[in-house]
Structures are given as structure tokens and as C-alpha cells.
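Encoded as C-alpha cells, the structure appears first; notes follow it.
The values are calculated or read from the model by the stated rules, or taken from the named source; none is laboratory data. On a predicted model such as this, the values are computed, not experimentally measured, just so you know. Here the Cβ positions follow ideal geometry from the backbone for every residue, glycine too, while neighbour counts run over all protein chains shown. Side chains are part of the model used for accessible areas, which takes the heavy atoms of the whole protein and leaves out ligands, DNA and RNA. Shrake-Rupley method; radii C 1.70, N 1.55, O 1.52, S 1.80 Å.
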Amino acid sequence: MNVILLGPPGAGKGTQAQRLVEKYGIVQLSTGDILRGAVASGSALGKQAKEVMEAGQLMPDDLMIRIISDRIDQPDCANGFILDGFPRTVPQADALDTLLSQKGLRLDHVIELKVDDAALVARIRGRASEESAAGKARADDNAETLKKRLAVYHEQTAPILPYYRRKGVLKAVDGMADIAGVARQIDALVGGGEN
Ligand code: AMP
């Protein structure tokens, strides 16, 4: 099963992706996590990613497409994957279509987590303070960057929604529900509602 989770930063994509990993034995491909790993390793990619992430901007499409294509080729993706944070632009969505068909793969579900911006600001503030209390602050989670990330989401990522709607594969869940409630809605969509 190959799934895309869409929604603005802080919508809960990562949390829901992790649950799908446990439930369906598929892997979570988070481009944000991949980039944070690169930042931690101090690689050239990491240096570029650090600047871009701190500015709340997006990394170049061609780079991200190459990263995700290589990642999908890894053996652990054979059972399926959840894309979390990719695609983030219409060119990335287009390229994903092409690369999946070249690999003989298809998308089973594209799921939008619907939330409102004000709730996101509150949620991300909460997450940032929890994480900094636990000593693992996400540098891209401060309120200033969040505003930029939300603006970038509306400008560059939200146009993906009509793209998938036109293809007839887009489904939406109410991301304002609690974690278990969102999980139930997702399970009902992907056909795993029995549990
Ligand atoms: P995330 O954890 O998905 O919110 O990603 C954190 C940051 O990594 C984003 O704000 C972007 O700067 C960068 N990033 C993650 N995924 C992508 C992508 N698919 N395309 C471009 N930039 C990305």
C-alpha cells in the first residue's frame, strides 16, 4: 500500500504516519526527517538544508525528487510506503507520478488532513515547548518560521490538492479531531477499520 499524507506543517502527518507504519508494516518516508538527518550529519546537503529550513523555505524540487526516488528503491519500501512531506509542490507531484509509473508502482491513497491555521499555530507552539523541554528542539518550529511555512504551504503545496482531486484519488479527514479520531478516519479510508 502506497499512501501520501498531505496537510500543512503541524497537521499531524508524522504522528499518523507512524501509526500506519505500525499497523500496516509499511515505511514512513519523511523528507523533513531525511533533511534533519543530513543537517545532523553535517553533510553538504545538510548545510544547504539547514539554511533553507531555518528560513521556512523549500528545498529545490529536483533535489527532493532525486532523494525520494532513491529512497523508494530501497528494499524496505517493497511492502509499501507513506510519503510524509513529499510532494510539496505541483512539479514534485508530477515527477512522483512519472517516477512511480517508471518503477511499476501506484498510489493507493492520497489523504488530506484538514486543519485551520490558528489551531496549527497553537499546536506547533505546544509541540515546540514539549520538545524543548525534552531537550530536542526543532529549529524550524519557532513561531516566526511557522508563519513563513504556512504561507509557503498555501502558495506552493495547497495547489497539489486540486491536482489530486482532478485525478480522483484525493480523500480528506478532519485533522482537528484528536489523534485516535483522526486515526479512525484514516483507517476507514484505507480499509483497515476492523481494528
Ligand atoms: P517537514 O518536517 O516535512 O515539515 O519539513 C521540514 C522542512 O524541510 C520544510 O519546511 C522544508 O524546508 C524542507 N522540506 C521537507 N520536505 C520537502 C520537500 N518535499 N520539498 C522541499 N522542501 C522540503
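Work out how much length residue 55 to residue 169 would gain on full extension: take 0.36 nm times their residue separation and subtract the Cα-Cα distance, in nm to one decimal.
Working: separation 114, 0.36 × 114 = 41.04 nm, distance 3.23 nm.
Gain in length upon complete extension: 37.8 nm.
Extension gain, residue 78 to residue 18: 0.36 nm times the residue separation minus the Cα-Cα distance gives 19.9 nm. Averaging the Cα positions of each part gives two centres, and for segment 147-167 and segment 1-76 these lie 17 Å apart.
To one decimal place, what orientation-averaged projected area in nm² is obtained for the convex hull of the Cα set of segment 72-147? Intermediate values should be presented prior to the final figure.
Working: hull surface 28.7 nm².
Its average projected convex-hull area is 7.2 nm².
Shown here for segment 74-159: trypsin sites (Lys or Arg not before Pro) in loop regions (DSSP other than H, G, I, E, B) with at most 13 other Cβ atoms within 10 Å, namely 103, 106, 136. Lys-Lys pairs in the chain that are eight or more residues apart or on separate chains and whose Cα atoms lie under 22 Å of each other come to 21. For the chain, the 222 nm mean residue ellipticity estimated from helices alone, with every DSSP H stretch of n ≥ 4 adding -39500 (n - 2.57) and the total spread over all residues, rounds to -17000 deg cm²/dmol. If you bin all the Cα-Cα distances of the chain at 5 Å, starting from zero, the percentages per bin are 1, 7, 16, 21, 22, 18, 11, 4, 1, 0. What a 1.4 Å probe finds exposed on the chain is 52% carbon and sulfur by accessible area, rounded to a whole percent. Counting only heavy atoms of the protein chains, get the accessible area per residue of segment 2-190 (1.4 Å probe) and round it to a whole Å² value. Heavy-atom accessible area per residue stands at 48 Å².
Stretch residue 178-residue 97 to full length: gain in nm at 0.36 nm per residue minus the Cα-Cα span?
26.0 nm
Once you keep just the Cα pairs under 8 angstrom separated by 6 or more residues, what percentage relative contact order results for segment 45-178? All intermediate terms of the calculation are to be shown ahead of the outcome.
Values: 98 pairs, mean separation 49.6, N = 134.
Contact order relative to length: 37 percent.
Considering only 37, 104, 181, the mean-square fluctuation computed in a Gaussian network model of the chain, springs between alpha carbons under 10 angstrom, is largest for 104.
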